[in-house]
Amino acid sequence: MRHFLIVLLLSTTVLHSQIEVSSNVKNKKQYFSIVDGTTTVNILYDSSDNILIQKSATFLASDIEKVTGKKPEVLSSSNQATGNLIIIGTIGNSAIIDQLIASKKLNVDAIRGQWERFIIQTIQNPLPNVKEALVVVGSDKRGAAYGTFTISEEIGVSPWHWWADVPAKKSDNLFVKKDKFVSKGPSVKYRGIFLNDEAPALTGWVQETFGSFNHEFYEKIFELLLRNKANYLWPAMWQPRAFAVEDPENAKTADEYGIVMSTSHHEPMMRAHEEWGANGGGAWNYETNKEELQKFWRGGIERMGDHESVVTVGMRGDGDEAMSEGTAVDLLKNIITDQRQIIADVTGKPAENTPQVWAIYKEVQDYYDKGMRVDDDITILFCDDNWGNIRILPKKEDLNHKGGYGIYYHFDFVGGPVSYRWLNVTQIERVWEQMNLAYEWGVKDLWIVNVGDLKPMELPISFFLDFGWDADMKASDLPNYYLNWADQQFGSEHAIDITEILALSTKYSARRTPEMLKPDTYSLDNYREADRILEEYTQLLDRSKTIYDKLSQSYKSAYYQLVHYPIEALKNLNEMYISTAKNKLYASQNRASTNMYADKVKEDFFKDADLSKYYHETLADGKWNHFMSQTRIGYTTWSNPAVNKMPEITYIQVPSEAGLGYVAEHGTGRGRFSRSGLFASSLPKFDPINNQSYYLEIFNTGSDKLNYSLQAKDDWVKLSSEKGTVTHEEEVFVTIDWNIAPKGINTSEIVISGAGREYKVEVPIRNDLPVASGFIENNGVVSMEAANYTKKLDSKSINWTVMPNMGRTNSSVTIEPANAERQTPSKTSPSLEYVFTIFDGGDLKIETYLSPLLNYKKNEGLKYAIAIDDEQPQIINVNEEDTKPDWEYPDWWNNAVTDHIRKKQSTHKAIKPGKHTLKVWMIDPGLVFQKFVIDAGGLKPSYLGPVESVYLNP
């Protein structure tokens with residue numbers, strides 16, 4: 001977010017909607033000069049202030065140098081100050097700031113005593129021999145740091161300047177408009193990330209770059225967090241990670257940077273789990289080894305000292321497993337009571353004076369569901385299901401819990417149904433929807449997200465932390481978030497194009513994790529799905545390469561990391577699997593192209609390795625070696641294979657003599673040789689409203705070239721080609737000239753000839769359609785994207801909200817506010833309407849596509865209502881089959897997270913031909929509608945479902 005105006009004097013190009021760039025400032029009296037020609041301000045802080053203020057001043061000086069080439073001097077005493085200054089400090093810790101407050105030159109009433117707030121203000125004559133100063137004052141140390149990094153961001157230094165090689169936006173001069181900016185406080189108190197599942201990628205990189213997970217590595221993490229206005233970290237913790245042990249400077253460095261340290265959901269009392277085995281403490285069992293565990297935990301609190309921390313309490317089993325087969329509520333209560341006593345004994349203060357968190361992760365939620373509660377000062381950390389779907393939220397009557405609530409969220413996970421760790425598969429729209437749901441249900445105290453190796457997750461990390469800082473963001477703001485982020489990383493010239501590329505890239509990657517892609521994921525037969533997926537990626541890659549080629553050399557590395565590589569890698573991976581599917585199918589048809597597709601699979605498999613090699617060895621001169629080393633090809637269970645394994649392929653011995661075969665799109669049967677040399681099949685039915693175009697794919701079964709011809713029986717049947725010569729296969733498209741086609745229901749015929757064979761294909765048409773409007777049936781199917789409703793009805797306090805780009809194929813619709821009260825369907829309650837037309841009467845089945853959704857209310861299930869025309873609304877319980885906890889991986893959950901969709905079916909009896917209205921009512925908030933598919937007898941299997949139907953205005 002841009003909050004105050006900074007003018008960069010270099011050219012007349014506008015780099016950002018809130019940044020003026022010009023070669024001159026007409027009235028310099030309106031601006032504070034940071035750099036003006038050869039004149040550069042110095043930066044002043046009070047040496048008695050917190051060490052984070054000194055670090056912030058040093059970072060700002062370096063950032064100004066990145067932009068202008070001129071570096072301010074950093075001063076620690078006002079006795080050294082002359083000329084204009086930037087002054088940085090905190091209330092009550094900086095004598096300079098306190099003097100400005102006492103002299104009434106600086107009014108800080110708006111932020112005094114607040115959490116992480118700041119003021120940026122220009123002040124005249126702040127000190128002797130100082131005419132003017134730009135003052136950054138924080139309510140606390142992090143507030144001052146955030147204010148300082150806000151200036152860095154505004155002058156053109158990205159938070160990702162080091163972690164993604166984003167260059168600073170160069171300028172000869174810097175001016176800040178004289179004004180007073182007062183920040184809001186953060187929406188969420190603790191906001192941070194969890195480095196997890198970090199081998200081999202992050203681990204290999206850290207060992208090569210820093211030697212270990214030492215304080216030099218963590219300094220880069222802490223700086224990144226501060227630049228993103230975050231304050232909280234769960235450190236890397238898998239073998240042999242132990243934050244406070246691996247480098248004794250780690251904890252001290254975190255404290256100096258103002259980062260609040262904690263430990264993950266299964267590591268209580270500030271101890272890394274790896275320490276337990278290293279200490280030889282015996283069984284991780286409180287019933288049999290209580291004394292050793294208490295000794296171990298006491299050591300963690302003693303080591304914590306005065307460092308700002310949030311202590312994880314509770315206990316799970318050894319190695320992130322369940323503590324016991326059952327739910328030992330009394331045991332866990334005793335554990336937490338004993339832990340709090342240790343905290344009080346060691347700190348010499350009541351336990352409630354030390355921030356604590358209880359993570360109800362996986363089976364621990366059973367304890368909460370059965371009524372277990374903790375002391376009122378302990379933050380309760382709810383969790384998602386490891387796949388971005390929140391499992392439970394507080395009841396409204398529980399919102400008076402003093403310790404508040406948090407969410408542990410995931411962008412990365414090792415576990416069932418299949419781990420996902422390689423690339424970003426998270427849409428920011430989905431993060432907004434789930435975290436907005438959490439926020440509106442009162443989860444405002446702690447947001448932590450598992451980012452795995454960190455590096456591939458730059459965009460969602462930015463969004464998660466920005467949203468935690470300022471949750472006053474609506475769904476309609478999301479496209480602008482992409483735009484602002486693209487502008488921040490790459491400048492404004494290509495920001496709009498990059499915005500569209502990022503939005504589509506994350507939509508495509510989120511459809512299914514790369515690790516779960518299979519040859520049969522996308523249909524070869526129906527709705528041209530596999531080829532459509534590949535074409536989408538091909539077009540996106542072409543667009544991305546065009547931008548890459550246009551960017552200046554300084555931006556290419558950042559663009560490749562943040563935008564281009566994921567597109568190129570996933571296009572290649574999807575192509576490999578689709579080629580594998582074609583290889584298998586074509587082998588069964590004896591096609592000459594079978595071996596070509598086998599070769600293509602091999603080519604793409606090794607190209608995947610080449611792309612990783614470029615990322616590791618050439619990109620940024622090898623700075624990011626190892627980061628793309630997570631395996632992603634060849635999963636057979638939830639756990640990753642040791643190495644990438646190419647899919648199985650088939651080679652056939654192709655005869656030399658040409659042979660004719662064909663496939664009719666969506667048709668009945670495929671071309672085969674028969675004794676008579678004649679094989680009949682049919683294309684789907686054509687009609688003038690849908691004005692379909694279906695293909696006949698002619699294929700060769702020999703290595704010699706195949707000469708073929710097609711002849712239509714009637715002149716109203718049009719062919720894109722009537723003859724050809726083919727080595728492998730090609731498509732001939734069939735359309736109808738409706739100006740001369742006969743009325744009513746008729747059938748024509750196409751004869752395919754070649755290599756001494758002949759086949760007949762029927763061409764059925766229907767040219768007697770009723771008056772139609774809305775979404776039009778096509779061969780027994782009506783498909784409607786949820787965002788393209790015909791009409792919506794909101795109530796006084798509840799409204800339908802479109803989430804642009806959210807979902808697998810288009811945009812989605814949900815209810816705002818997300819904590820609205822349950823509604824009873826009525827003529828005046830919130831509803832959506834979709835007008836559609838069917839050609840034949842009968843029973844209809846409707847598949848409602850929803851984003852995966854868990855019963856966060858923990859009631860009988862979340863519901864909506866659906867009807868056609870004036871039917872009695874059917875109440876659909878989205879969670880009716882949720883008989884097992886999601887952490888046990890039941891089939892319904894596996895299917896939902898694998899496909900990134902949840903389908904609910906309703907049946908509607910004896911619907912007459914003609915125009916109708918599908919009606920959907922809101923009952924519970926939190927449901928996200930992506931698509932409605934009406935099956936009138938023609939629905940065919942596919943991953944994404946049929947493309948949206950033709951729409952005629954009612």
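Using only the alpha-carbon atoms, how far is helix 215-227 inclined from the longest principal axis of the chain? Give it as 0 to 90 degrees, nearest 10.
The angle comes out near 80 degrees.
If you average the C-alpha positions of region 152-191 and of region 890-938 separately, how far apart do those two centres end up, in angstrom?
What the calculation gives is 45 Å, centre to centre.
Give or take rounding to whole Å, what are the principal axis extents of the alpha carbon atoms in region 498-622, in descending order?
51, 29, 25
Beyond 22 Å, what percent of the Cα pairs of region 660-767 remain? Present the calculation step by step, with values, prior to reporting the outcome.
Numbers: 1573 of 5778 pairs.
Looking at region 660-767, the distances longer than 22 Å represent 27 percent of pairs.
By how many degrees, 0 to 90 and rounded to 10, does the Cα axis of helix 428-440 deviate from the longest principal axis of the chain?
Here the helix axis deviates by roughly 60 degrees.
Counting only the backbone N, which residues of region 522-550 are under 20 Å from the spot 7 Å out from the Cα of Phe733 toward its beta-carbon?
Correct set: 524-540.
At 0.36 nm per residue, and after removing the present C-alpha to C-alpha distance, how many nm does the segment from Phe606 to Asp179 gain when stretched out fully?
148.0 nm
With charges only on Cβ, +1 for K and R and -1 for D and E, what is the dipole size of the chain about its Cα centre, in debye, rounded to 20?
1820 debye
Work out the FRET efficiency for Asn480 and Lys71 from their Cβ-Cβ distance, taking R0 = 35 Å, and round it to the nearest 0.05.
For Asn480 and Lys71, the calculated efficiency is 0.55.
I'd like the distance between the alpha-carbon centres of region 605-630 and region 533-598, rounded to an integer number of Å.
Cα centroid to Cα centroid, the span is 17 Å.
Between region 390-457 and region 347-383, how many Å separate their Cα centres?
First find each Cα centre; the distance between them is then 17 Å.
Would you mind getting me the FRET efficiency between Gln653 and Lys613? Use the beta-carbon distance for r and R0 = 56 Å, nearest 0.05.
0.95
So for the pair Ser720, Glu881, with labels modelled 7 Å out along Cα→Cβ, what separation do we get in nm?
Here the answer is 3.8 nm between the modelled labels.
Summing Lys, Arg as +1 and Asp, Glu as -1, what charge do residues with Cβ under 13 Å from the Cβ of Lys792 carry, Lys792 excluded?
Taking every other residue near Lys792 into account, the sum is -1.
Can you put Asp704, Asp477 in order, fewest other beta carbons within 10 Å first?
Asp477, Asp704
Please give, to one decimal in nm, the separation of the simple spin-label points placed at Gln874 and Asn767, each 7 Å out from Cα toward the Cβ.
Those two pseudo-labels are separated by 3.7 nm.
In nm, to one decimal, how far is the modelled label at Asn279 from the one at Asp338, with both set 7 Å along Cα→Cβ?
Calculated label separation equals 1.3 nm.
Give the Rg/Rh ratio for the chain, taking Rg as the radius of gyration of the Cα atoms and Rh as the Kirkwood radius, to two decimals. It would help to have the intermediate numbers written out before the result.
Values: Rg = 31.5 Å, Rh = 31.1 Å.
Over the Cα atoms of the chain, Rg/Rh equals 1.01.
Considering the Cα positions of region 754-909, please state its Rg to one decimal place and its Dmax as a whole number of Å.
Every Cα atom of region 754-909 included, Rg and Dmax give 19.7, 72 Å.
Using the count of nearby Cβ atoms within 10 Å as a rough guide to exposure, how do Ser557, Ser158 rank from fewest to most?
Numbers: Ser557 19, Ser158 23.
Lowest count first: Ser557, Ser158.
Can you compute the label reach from Ser48? Point 7 Å from Cα along the Cβ direction, backbone N cut-off under 11 Å, restricted to region 64-101.
The answer is 92-99.
Helix 458-469 against the longest principal axis of the chain: what's the angle in degrees, Cα atoms only, rounded to the nearest 10?
The answer is roughly 60 degrees.
Percent relative contact order of the chain, based on C-alpha pairs within less than 8 angstrom and at least six residues apart?
Over the chain, the number comes to 9 percent.
Can you sort Glu860, Glu246, Glu758 so the residue with the fewest Cβ neighbours within 10 Å comes first? Before the final figure, lay out the partial values.
On the way: Glu860 10, Glu246 20, Glu758 15.
Lowest count first: Glu860, Glu758, Glu246.
Given a Förster distance of 35 angstrom, what is the FRET efficiency for Tyr548 paired with Glu352, based on the Cβ-Cβ distance and rounded to 0.05?
0.05
Based on DSSP H runs of at least 4 residues, each adding -39500 (n - 2.57), what is the mean residue ellipticity at 222 nm of the chain after dividing by all its residues, to the nearest 500 deg cm²/dmol?
Result for the chain, helices only: -8500 deg cm²/dmol.
Taking only C-alpha pairs under 8 Å that are 6+ residues apart, what is the relative contact order of region 498-622 in percent?
Values: 93 pairs, mean separation 32.4, N = 125.
The value is 26 percent.
Hey, for a label at Ile740 modelled as a point 7 Å past Cα toward Cβ, could you say which residues of region 699-715 have their backbone N under 11 Å away?
Hits in region 699-715 for Ile740 at 11 Å: 714-715.
Since every read-out is calculated from the coordinates, none of them should be taken as a lab result. Please read all numbers here as calculations on a predicted model, not as lab measurements. For neighbour counting, all protein chains shown are included, and Cβ atoms are generated from backbone atoms with ideal geometry for every residue, glycine included.
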